[in-house]
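Peer 1: Below you will find the structure I want to go over with you.
The values are calculated or read from the model by the stated rules, or taken from the named source; none is laboratory data. Please read all numbers here as calculations on a predicted model, not as lab measurements. Positions of Cβ are generated from backbone atoms using ideal geometry, with glycine treated the same way; all protein chains shown enter the neighbour counts.
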Amino acid sequence: MREPQVRLVRLADGVQVPCLGQGTWHMGEDPTRRDSEIDSLRTGIALGMTLIDTAEMYGDGASETLVGEAIQGLREQVTLVTKVLPSHAGRREVAAACEASLRRLGVQRIDVLLLHWRGSTPLAETVEAFEKLRAEGLIGAWGVSNFDVDDLEELAEIAPLGHCVTNQVLFNLGYRGIEFDLLPACAHAGMPIMAYSPVGQGGAMLRTPALVAVSARHGCTPAQAALAWTLRIPGVLAIPKAGSVAHVRENAEAAAIALTEEDLDELDRAFPPPRSKRPLAML
């Protein structure tokens, strides 16, 4: 196995995290897979994938509970990211949601708390609640998820630069819309993108001849090549999910793959970059 070389990405507040983390969507929901999923998370931590992303929504808290069990004895090595639902974005609701997440995770502090997506609660109220949690030491930082450029512009009028540390959005070869405006805007603000579903949903994208050809040249899987494509961008970190030790090792190996200009040109022809503004894609 290639030794993973997981470079670091600087969040907007200056904290450094690995560019390759671990997602947990749909994890913790099947009791028969619990041991395998815990082993995969612990293996990922050992391989340097120490950023773990979860959410109160995932399995109605089951994912957070699983993560809490997986990081027992390893808390100091891990950057914990979780997300609050827009229905819990009010002052009191944010506090209650944070407390519930802390209980499920079995920790005293969440490293980064994200607003999962925008709802009807005014952003100013959510930011005030996040800042209060940060002042109380219950979270280390906060960020957002599924925010487009106009959302971030509105947020910038409310929160000082550097207070929103990341924006988690859908980004992979099949969904490149953010490259037109959102990715440059976040880079200008010093705010990295946290890419979810960085290898897609395992469908047609991974069977595309161009991606198959690129992976063959590097002796890797199409999923690894797709992940390497995402990881090559300095202001992007990725959080692929892996429910088994073999899968998490496969993800980790992608960090060592250096795509060539030939590779990138071939992938651009198969998955053209955006030439105009596109609506922000979400899963």
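Peer 1: Here are some residues: Ala89, Ala12, Ala55. Which one is buried (at least 24 other Cβ atoms within 10 Å of the Cβ), in contact with a strand residue (DSSP E or B) (Cβ under 7 Å, 6 or more places away or on another chain), small (Gly, Ala, Ser) and closer than 27 Å to Met191 by Cβ?
Peer 2: Working: Ala12 fails: buried (at least 24 other Cβ atoms within 10 Å of the Cβ); Ala55 fails: buried (at least 24 other Cβ atoms within 10 Å of the Cβ).
Of Ala89, Ala12, Ala55, the one residue that is buried (at least 24 other Cβ atoms within 10 Å of the Cβ), in contact with a strand residue (DSSP E or B) (Cβ under 7 Å, 6 or more places away or on another chain), small (Gly, Ala, Ser) and closer than 27 Å to Met191 by Cβ is Ala89.
Peer 1: All but one of (1) in contact with a Pro (Cβ under 7 Å, 6 or more places away or on another chain); (2) at pLDDT below 95; (3) more than 12 Å from Phe171 (Cβ to Cβ) hold for Ala242; which doesn't?
Peer 2: (1) is the only condition that Ala242 fails.
Peer 1: Something else: For the stretch 47-74, name all the residues that are of a type in the set (Asp, Glu) and under 10 Å from Gly23 (Cα atoms).
Peer 2: The answer is Asp53, and nothing else.
Peer 1: Restricting to the stretch 16-41, and then to whatever is hydrophobic (A, V, I, L, M, F, W, C) and assigned to a helix (DSSP H, G or I), can you tell me which residue is surrounded by the most Cβ atoms within 10 Å (Cβ to Cβ)? Don't jump to the end; show me each part of the working.
Peer 2: Residues of the stretch 16-41 that are hydrophobic (A, V, I, L, M, F, W, C), as a first pass: 17, 19-20, 25, 27, 38, 41.
Narrowing the set further to residues that are assigned to a helix (DSSP H, G or I) leaves 38, 41.
Values: Ile38: 18, Leu41: 26.
Checking each candidate, the answer is Leu41.
Peer 1: Please indicate, with yes or no, whether at least one residue in the stretch 163-180 is surrounded by fewer than 23 Cβ atoms within 10 Å (Cβ to Cβ), over 24 Å from Phe147 (Cβ atoms) and of a type in the set (S, T, N, Q).
Peer 2: No: zero hits.
Peer 1: Right, something else. Ala246: in a helix (DSSP H, G or I), surrounded by fewer than 18 Cβ atoms within 10 Å (Cβ to Cβ), of a type in the set (Gly, Ala, Ser) and over 17 Å from the mean Cα position of the chain (by Cα), yes or no? Step through it out loud before you land on a result.
Peer 2: Values: in a helix (DSSP H, G or I): yes; surrounded by fewer than 18 Cβ atoms within 10 Å (Cβ to Cβ): yes; of a type in the set (Gly, Ala, Ser): yes; over 17 Å from the mean Cα position of the chain (by Cα): yes.
Yes, satisfied.
Peer 1: Looking only at the stretch 250-283, count every residue that is touching a residue at least 12 places away in the same chain (Cβ under 8 Å), surrounded by fewer than 18 Cβ atoms within 10 Å (Cβ to Cβ) and part of a helix (DSSP H, G or I) and tell me the total.
Peer 2: The total comes to 4.
Peer 1: Would you mind stating whether Ser145 is of a type in the set (Gly, Ala, Ser), buried (at least 18 other Cβ atoms within 10 Å of the Cβ) and in contact (Cβ under 8 Å) with a residue 60 or more places away in the chain? Spell out the reasoning first.
Peer 2: Numbers: of a type in the set (Gly, Ala, Ser): yes; buried (at least 18 other Cβ atoms within 10 Å of the Cβ): yes; in contact (Cβ under 8 Å) with a residue 60 or more places away in the chain: yes.
For Ser145, the condition - of a type in the set (Gly, Ala, Ser), buried (at least 18 other Cβ atoms within 10 Å of the Cβ) and in contact (Cβ under 8 Å) with a residue 60 or more places away in the chain - is met.
Peer 1: Given the criteria among the small types (Gly, Ala, Ser), part of a loop (DSSP other than H, G, I, E, B) and modelled with pLDDT of 95 or more, does Ala12 qualify? Before the answer, list the steps.
Peer 2: On the way: among the small types (Gly, Ala, Ser): yes; part of a loop (DSSP other than H, G, I, E, B): yes; modelled with pLDDT of 95 or more: yes.
Yes, satisfied.
Peer 1: Tell me the residue from Ala124, Ala195, Ala159, Ala141 that is in a helix (DSSP H, G or I) and either hydrophobic (A, V, I, L, M, F, W, C) or touching a Leu at 6+ places or on another chain (Cβ under 6 Å) (or both), please.
Peer 2: Working: Ala195 fails: in a helix (DSSP H, G or I); Ala159 fails: in a helix (DSSP H, G or I); Ala141 fails: in a helix (DSSP H, G or I).
Answer to the selection: Ala124.
Peer 1: Follow-up. Just to be sure, is Glu64 over 17 Å from the mean Cα position of the chain (by Cα), in a helix (DSSP H, G or I) and of a type outside the set (Val, Ile, Thr)?
Peer 2: no
Peer 1: Please give the number of the condition Gln201 fails out of (1) more than 24 Å from Val112 (Cβ to Cβ); (2) part of a loop (DSSP other than H, G, I, E, B); (3) in contact with a His (Cβ under 9 Å, 6 or more places away or on another chain).
Peer 2: (3)
Peer 1: Taking Arg118 as meeting all but one of (1) without any contact (Cβ under 8 Å) to a residue 60 or more places away in the chain; (2) surrounded by 15 or more Cβ atoms within 10 Å (Cβ to Cβ); (3) not in a loop (DSSP other than H, G, I, E, B), write down the number of the exception.
Peer 2: Of everything listed in (1) without any contact (Cβ under 8 Å) to a residue 60 or more places away in the chain; (2) surrounded by 15 or more Cβ atoms within 10 Å (Cβ to Cβ); (3) not in a loop (DSSP other than H, G, I, E, B), Arg118 misses just condition (3).
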